[in-house]
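The values are calculated or read from the model by the stated rules, or taken from the named source; none is laboratory data. Predicted model, so just to flag it, every value in this text is computed and none were measured. Cβ placement follows ideal geometry from the backbone for every residue including glycine, while neighbour counts extend to all protein chains displayed.
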Amino acid sequence: MNKQEFLLKLGERLSGLSPEEKEERLTFYREMIDDRMEDGLSEEEAVSAIGSVDAIAGQIPDDTPPTKATPKIRLKAWEIILLILGSPIWFSLLVAGLAVFFSLYVSAWSVIIALWAVFASFVACAFSLPVVGIVFIFGIHKITGIAIIGASLIFAGLSIFLLWGCKGATTGIVLLTKKVALRIKQRFTKKEVA
């Protein structure tokens with residue numbers, strides 16, 4: 001691929017950037033190719049030494065700051081009038097939908113908190129029951145003391161498994177929260193096209 005083809009393909013891939021940023025990037029790669037050609041490489045070798053257009057275009061959005069978000073929806077006058085007239089219906093439905101969504105979200109976090117509380121109680125039992133078991137062993141009920149110490153070992157083992165479950169559930173609900181927030185944001189905004 002020669003320099004002109006490379007810059008043309010790269011320009012097509014950078015269509016999401018502003019014209020100034022696009023020209024700045026193209027100038028940078030044009031000069032890079034020229035510098036390599038001055039070092040003795042042929043035009044094709046200089047272009048291939050830079051890398052593929054896909055790889056370069058994939059790296060550039062990571063370097064650029066995010067574009068300004070603009071509202072997606074542009075309403076006409078008659079649509080605004082209909083929204084105002086229908087507001088008693090759609091607003092109450094919106095509030096009800098938000099209340100259901102919020103209650104489901106709070107319920108999910110309540111389950112997570114309950115799991116962590118059960119984990120904390122298992123850990124407390126794993127550390128406190130051996131003391132009680134030792135008191136029973138040196139007291140009258142030796143078999144009961146041994147059973148209590150055995151129960152503390154069971155609680156210790158269960159607390160290890162429950163820790164993995166609690167961490168997984170917490171990570172899952174946090175990821176779900178991020179995805180839902182991103183979806184909500186995407187519904188109301190779009191990237192500004194340069």
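Test Leu14 against the stated conditions and say whether it is modelled with pLDDT of 80 or more, of a type in the set (A, V, I, L, M) and in contact with a Leu (Cβ under 8 Å, 6 or more places away or on another chain).
For Leu14, the condition - modelled with pLDDT of 80 or more, of a type in the set (A, V, I, L, M) and in contact with a Leu (Cβ under 8 Å, 6 or more places away or on another chain) - is not met.
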Is there a residue in the range 83-97 that is of a type in the set (S, T, N, Q), farther than 24 Å from Val174 by Cβ and surrounded by 12 or more Cβ atoms within 10 Å (Cβ to Cβ)? no
Selection within the range 7-29 - more than 13 Å from Ser52 (Cα to Cα) and either buried (at least 18 other Cβ atoms within 10 Å of the Cβ) or touching a Phe, Trp or Tyr at 6+ places or on another chain (Cβ under 7 Å) (or both): Leu14, Leu17, Lys22, Arg25
Of the numbered conditions (1) over 18 Å from Gln59 (Cα atoms); (2) touching a residue at least 40 places away in the same chain (Cβ under 8 Å); (3) surrounded by 14 or more Cβ atoms within 10 Å (Cβ to Cβ), Met37 fails exactly one; give the number of that condition. (2)
Restricting the search to the range 124-169, which residues are small (Gly, Ala, Ser) and not in a helix (DSSP H, G or I)? Gly139
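Please enumerate the residues belonging to the range 55-104 that are under 30 Å from Lys22 (Cα atoms) and modelled with pLDDT of 75 or more.
Ala55, Ile56, Arg74
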Against the definition (β-branched (Val, Ile, Thr) and closer than 20 Å to Gly165 by Cα), how does Ile146 come out, yes or no? no
